[in-house]
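One structure below.
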Amino acid sequence: MQDTTKRTIPLSNRLAQWAAEARRRAEIAPPGVQRESLLKAARLSETASHIHDWISLPGPKTPR
């Protein structure tokens, strides 16, 4: 069943918040697998945010 509640924070903002939190946690994590996982999650969230912004634009969808 889908969640039909209205989100008050836009997806791109939620993704940016997720990325910032992952980066903050990575800064305090010791070097290793967990830190690399957090940095990867931050990069993926930022990429997803950029893709979401791109597909939300009106007009033709051509890469720049």
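The values are calculated or read from the model by the stated rules, or taken from the named source; none is laboratory data. Note that the coordinates shown come from a computational prediction; the quantities given were computed from them, not determined experimentally. Note: ideal-geometry Cβ built from the backbone for every residue, glycine included; neighbour counts use all protein chains shown. Calculation scope for accessible area: heavy atoms of the full protein, side chains included, ligands and nucleic acids excluded. Shrake-Rupley method; radii C 1.70, N 1.55, O 1.52, S 1.80 Å.
Go through the residues of the stretch 23-33 one by one and say whether even a single one is touching a Leu at 6+ places or on another chain (Cβ under 8 Å) and part of a loop (DSSP other than H, G, I, E, B).
Yes, the stretch 23-33 has at least one match.
Go through the stretch 46-64 residue by residue and tally those that are closer than 21 Å to residue 14 by Cα and either in contact (Cβ under 8 Å) with a residue 24 or more places away in the chain or among the small types (Gly, Ala, Ser) (or both).
Residues in the stretch 46-64 being closer than 21 Å to residue 14 by Cα and either in contact (Cβ under 8 Å) with a residue 24 or more places away in the chain or among the small types (Gly, Ala, Ser) (or both): 6 in total.
Would you confirm whether any residue within the stretch 27-45 is more than 15 Å from residue 10 (Cβ to Cβ), over 14 Å from the mean Cα position of the chain (by Cα), open to solvent by 90 Å² or more (accessible area, probe 1.4 Å) and among the hydrophobic types (A, V, I, L, M, F, W, C)?
Yes, some residue in the stretch 27-45 is more than 15 Å from residue 10 (Cβ to Cβ), over 14 Å from the mean Cα position of the chain (by Cα), open to solvent by 90 Å² or more (accessible area, probe 1.4 Å) and among the hydrophobic types (A, V, I, L, M, F, W, C).
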